[in-house]
Amino acid sequence: MLEAREWVFAQFEGWKAASEIKDSQDVIADLALDGDSYELTQSFGSSLANFFKFSEVRLTQGPRSVAFSPSPYLKCERSRIRRPDVALREGGLPLT
């Protein structure tokens with residue numbers, strides 16, 4: 001699992017160099033893994049984004065690959081994360 005995360009981080013560094021986005025929390029990762037790597041990674045469930053330090057990780061089964069795209073979610077003013085549950089609260093602040 002750590003090997004997969006290190007591989008994703010290395011791929012992100014390459015993508016980041018050609019992108020205007022520099023914070024991994026501003027990015028969604030579409031990750032494909034096969035075999036045991038997929039099974040283990042899938043077991044993280046909703047914690048997967050935290051483990052990989054991305055806004056969201058969309059996991060599929062297949063040959064190992066990853067693609068990155070900007071996150072459409074609001075950024076929480078407290079935690080600085082982008083997630084689907086961040087919404088504008090009283091006072092107009094985006095919070096979880």
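Scanning region 6-41 for residues that are in a helix (DSSP H, G or I) and either aliphatic (A, V, I, L, M) or farther than 22 Å from residue 82 by Cβ (or both) turns up 6, 7, 8, 10, 17, 35, 36, 37, 38, 39, 40.
Residues are listed down the side, and each one gets a yes or a no for (1) part of a strand (DSSP E or B); (2) loosely packed, with under 12 Cβ neighbours inside 10 Å:
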site: 59; (1), (2): yes, no
site: 66; (1), (2): yes, no
site: 73; (1), (2): no, no
site: 79; (1), (2): no, no
site: 85; (1), (2): no, yes
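Would you call residue 48 part of a helix (DSSP H, G or I), without any contact (Cβ under 8 Å) to a residue 40 or more places away in the chain and of a type outside the set (Phe, Trp, Tyr)? If you could, list the steps in order and put the result at the bottom.
Working: part of a helix (DSSP H, G or I): yes; without any contact (Cβ under 8 Å) to a residue 40 or more places away in the chain: yes; of a type outside the set (Phe, Trp, Tyr): yes.
It is true that residue 48 is part of a helix (DSSP H, G or I), without any contact (Cβ under 8 Å) to a residue 40 or more places away in the chain and of a type outside the set (Phe, Trp, Tyr).
When residue 51 is tested against the conditions (1) over 14 Å from residue 1 (Cβ atoms); (2) within 13 Å of the chain's Cα centre (by Cα), the lone failure is (1).
Any read-out appearing in this document is the output of simple, stated calculations on the displayed coordinates, not a laboratory observation. Keep in mind that this is a model prediction, so the values were computed, not measured. Every residue, glycine among them, receives a Cβ derived from its backbone with ideal geometry; neighbour counts consider all protein chains shown.
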